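Bear in mind that the values in this text are calculations on the coordinates, not laboratory data. Bear in mind the structure is a predicted one, so any value in this text is a computation, not a measurement. FYI the Cβ positions are ideal-geometry reconstructions off the backbone, even for glycines, and counts take in every protein chain you see.
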Amino acid sequence: MFFDIIIFRSFLVIGIFWLLIALWLDPSRDRHRTIVVVFTLLFGFRYLIWRLFATVIPFNGTFTEELWVVIVYLSEVLAFSEILIFLLIMSRVNERHLEADFYQNDILRYPSVDVFIPTYNEGLDVLEKTIIGAQHLDYPDFKVWVLDDGKRQWLKEFCEKNHVGYLIRPDNLHAKAGNLNNGLKHTSAELFAIFDADFVPARNFLKRTVGFFTHNDDIGLVQTPQHFYNRDPIQTNLYLDKLLPDEQRLFFDAMAPCRDRWNAAFCCGSCSIIRRTAIDKIGGIPTSSITEDLLTTLCLLTVKYRTVYLNEKLSHGLSADSLKGYFIQRGRWCRGGIQCFFVPEGPLRAKGLSLLQRVLFAPYSWLIQPLTRFMMLLIPIVYLWTGFSPLHITSTEELISYQFSMFLAFLLAIYWLAKNKYVPIISTAINVFGMFRLLPVVISSLIKPFGVPFRVTPKGSGSSSGVDWYVLYASGTVALLTLIGLIINIVPEHRIIPYMDFFPYVLFWSCLNIVILCLCCLICFDAPRKRKEERFSINEKSILAGYPVTIQDMSLSGCKVTHSEKHRIIEHGCEYQFRIPDITEPVTVLVKNSNNESIVLLFEKVSEQQHQEMIAKLFTGRYDNEIHETGFFSKIVMTLFHRAFGKELK
């Protein structure tokens, strides 16, 4: 009876709040978000206080056992501090759509804009989309500049042919930051936009953003979200590319608008536009860290310029499309974030920042997340192989009441605040997967934060696929240690654990870790990319061989059309002249295959003008093929089941 009462009380409170009160709350209202955050944090503080006084302070073991209990508790405090800051950020939100509408409709003037495309080793298959797309910006006064640190003659000729500015410098000092500073030295527009070599701006990018500068003299930078027209390796390798949003949607769609509400929006390196006089005031793009974007934001704040975030899809680009590129990118972000702790412009030492801004800009997550994810895997193993308990257990009832209720409160709050961008098991598996690679980067960066050269993320033709054997072996080893530990302690004559009170809890914890580690193993295998070019759903009408068709999807290399003329079958290998909306001249197409409902066409003999018109059509903002919210959980589970057995869900 006591067991039922102590557990029922905590879960009853959560149930009443989420089933009766939260139904009337609106995530777009700050006050309602604050109510959810405060309610959730009460369960967190309740748990930490109980853990300290009921399961840590009662010292009754050896020094080693007590030290382990304290270490585990401190790791929980670290994890809670990260969640605390996350919930603080998420307690308020700022959407600037109406503000952008007003500025666009009440444009005072059109300031000149330089559009910078910094590049080093990207191929033409990546660069041409960005360059051609930038040329099609709907704005009266701008110039596109390619900043080539690769010093490639073919790129210079391509820029000259397409009437695009081309700049190089004698050295590659300070990597991207130095490249941008060189671009600023040779240009003079009032504003400058930055697009990485693999990001294509939408036609209305400038018209949606320049009004913030003309109406507000104190705005130094406007950042827009990064969206992607391809699938990242997590989505692809788990075969969840039709159900799971890309990994960065949680930050760009949910967290970044909330950071903006706290005056803590920051430059993300691409898809941003900046006031030149503001950069001049801070002496150019900072070069003391490889994360020049974060330092640029901090320097602007110290001279009283605001940085704002406009949460609108105004560009899209290539996400890292292989595990190699994924970890090069994350490793660079991690090392650059840690470097910010050591430089004068960083959040701890920069002058003029508020205490809250120092907290919100400190890249604490790069330190805390890998460590706490590692502890999550280590604690059950230590218990199963040494018998060292992570806490002095009071009763199973109290453990469930305090810890499980806290976890439930956190999961419900994150799901509600983050707009369905978070899937508990899968999101945890992604973080654990990254931990195996990032924890060594954290350790090496703390020992030697500087001296590692800037590495460009390989994408497009420069990327490669394969198997991440390091993470595969690490995940498999940890899973095997956990599983063997469970088996040993289930057999009485081989049992290591002296007391079994905590074993049911560790059994559940270990099984959960094994599931997560199995997901990590699945991610380790780069799935083959079936197409070189990404397809976009366009659903537009046309005529093929004299009868109406609908262009269902299209890429730069071909398209798929559907029709209702079931009695008319087009033979394979036939060529036709095919009219595509927005393409000036008909395109020669080759029938690859066909049936009673659809026809797959390959583009043949495409002229340069047609190719560039296709780029402008597909990549400058009209079409969207990404996943913005999670699919149904049951579909995700079924897809993972089929993935584990080598089959893809149809």
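Around L314, with a cut-off of 13 angstrom between Cβ atoms, what is the net charge of the other residues, counting Lys and Arg +1 and Asp and Glu -1? Please list the in-between numbers first.
Details: positive: R96, R203, K207, R208, K313, R622; negative: D138, E312, D624.
Once positives and negatives cancel, what remains is +3.
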From the helices alone, meaning DSSP H stretches of at least four residues, give me the mean residue ellipticity at 222 nm for the chain, per-run term -39500 (n - 2.57), in deg cm²/dmol to the nearest 500. -14500 deg cm²/dmol
PRE zone check, label point 7 Å out along Cα-to-Cβ of D125, amide N under 15 Å, scope the range 567-611, hits none
For K242, which aspartates and glutamates qualify as cross-link partners when the Cα separation must be under 19 Å and same-chain residues fewer than eight apart are set aside? D232, D253, D321, D526, E533, E534, D553, D624, E626, E629, E648
Those trypsin sites (Lys or Arg not before Pro) in the range 76-111 that DSSP places in a loop and that have at most 13 other beta carbons within 10 Å: R109
Enumerate the whole-percent occupancy of each 5 Å bin, from 0 to the last occupied one, for all C-alpha pair distances of the range 536-619. 3, 16, 29, 29, 15, 7, 2, 0
Selection from V13, W145, L25, by position along the positive dipole direction of the chain (Cβ): W145
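Hey, what does the equivalent ellipsoid look like for the chain, semi-axes from the Cα gyration tensor as sqrt of 5 times each eigenvalue, largest first, whole Å?
Values: eigenvalues 420, 205, 117 Å².
Output for the chain: semi-axes of 46, 32, 24 Å.
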Please give the charge dipole size of the range 536-619, origin at the Cα centre, charges +1 on K and R Cβ atoms and -1 on D and E Cβ atoms. Round to the nearest 20 debye. 200 debye
Points 7 angstrom from Cα along the Cβ direction at E66 and F251: gap in nanometres? 4.2 nm
Enumerate the amide H contacts of F228 below 5 Å, restricted to partners 5 or more residues apart or on another chain; note that Pro and chain-start residues carry no placed amide H. G317
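Work through the residues other than T119 whose Cβ is under 15 Å from its Cβ and net out their charges, Lys, Arg +1 and Asp, Glu -1. The partial results should precede the final answer.
Values: positive: K129, K151, R152, K156, R169, K176, R455, K459; negative: E122, D125, E128, D148, D149, E157, D196, D198.
Value of the local net charge: 0.
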Efficiency of FRET between L42 and E575 - r from beta-carbon atoms, R0 51 angstrom, step 0.05: 0.15
Would you mind computing, in nm to one decimal, how far apart the modelled labels at F8 and E533 are, each placed 7 Å from Cα along Cα→Cβ? 6.5 nm
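Taking 0.36 nm per intervening residue step and subtracting the Cα-Cα distance, what contour gain separates D501 from H215 on full extension? Walk me through the numbers on the way to the answer.
Values: separation 286, 0.36 × 286 = 102.96 nm, distance 6.53 nm.
Separation in residues times 0.36 nm, less the Cα-Cα distance, equals 96.4 nm.
Quick one: if the Förster radius is 45 Å, what FRET efficiency do D106 and W469 give, using the C-beta to C-beta distance and rounding to 0.05?
On the way: r = 58 Å, r/R0 = 1.28.
Once the sixth-power term is evaluated, E becomes 0.20.
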Environment charge of D141, counting only residues whose C-beta is closer than 13 Å and scoring Lys/Arg +1, Asp/Glu -1: 0
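So if each residue of separation counts as 0.36 nm, and I subtract the Cα-Cα distance between T34 and K304, what length gain in nm does that give?
Numbers: separation 270, 0.36 × 270 = 97.20 nm, distance 2.78 nm.
Value of the extension gain: 94.4 nm.
Within the range 276-381, report the chymotrypsin sites (Phe, Trp or Tyr not before Pro) that DSSP leaves as loop and that have at most 15 other Cβ atoms within 10 Å.
On the way: sites: Y305, Y309, Y326, F327, W333, F341, F342, F361, Y364, W366, F374; in loops: Y305, F341, F342, Y364.
Within the range 276-381, the qualifying chymotrypsin sites (Phe, Trp or Tyr not before Pro) (loop, at most 15 other Cβ atoms within 10 Å) are F342.
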In whole Hz and in residue order, list the ³J(HN,Hα) couplings for the range 237-247 that follow from phi through the Karplus curve 6.51 cos²θ - 1.76 cosθ + 1.60, θ = phi - 60°; x for Gly and Pro. 5, 8, 6, 10, 5, 9, 10, 9, x, 5, 4
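List the residue ranges in the chain for DSSP H helices whose C-alpha atoms run 20 angstrom or more along the long axis and whose Kyte-Doolittle average is -1.0 or above. Numbers along the way, then the final one.
On the way: long enough: 2-16 (21 Å, 2.17); 30-50 (30 Å, 0.82); 63-90 (40 Å, 1.83); 323-339 (24 Å, -0.59); 365-386 (30 Å, 1.22); 424-447 (33 Å, 1.71); 469-490 (31 Å, 1.77); 503-523 (30 Å, 2.30).
Qualifying helices, which must be both long enough and hydrophobic enough, are 2-16, 30-50, 63-90, 323-339, 365-386, 424-447, 469-490, 503-523.
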Cross-link table K161/K281; K129/K176; K207/K419, entries beyond 24 Å C-alpha to C-alpha: K161/K281; K207/K419
Label zone at W24 (point 7 Å along Cα-to-Cβ), backbone N below 20 Å, the range 38-58: 38-40
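Once the Cβ-Cβ distance between L446 and T550 is put in as r, and R0 is 45 Å, what FRET efficiency do you end up with, to the nearest 0.05? Walk me through the numbers before you get to the answer.
Values: r = 57 Å, r/R0 = 1.26.
So the FRET efficiency works out to roughly 0.20.
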Gain in length, I425 to C518, computed as 0.36 nm per residue apart minus the alpha-carbon separation, to one decimal in nm? 32.3 nm
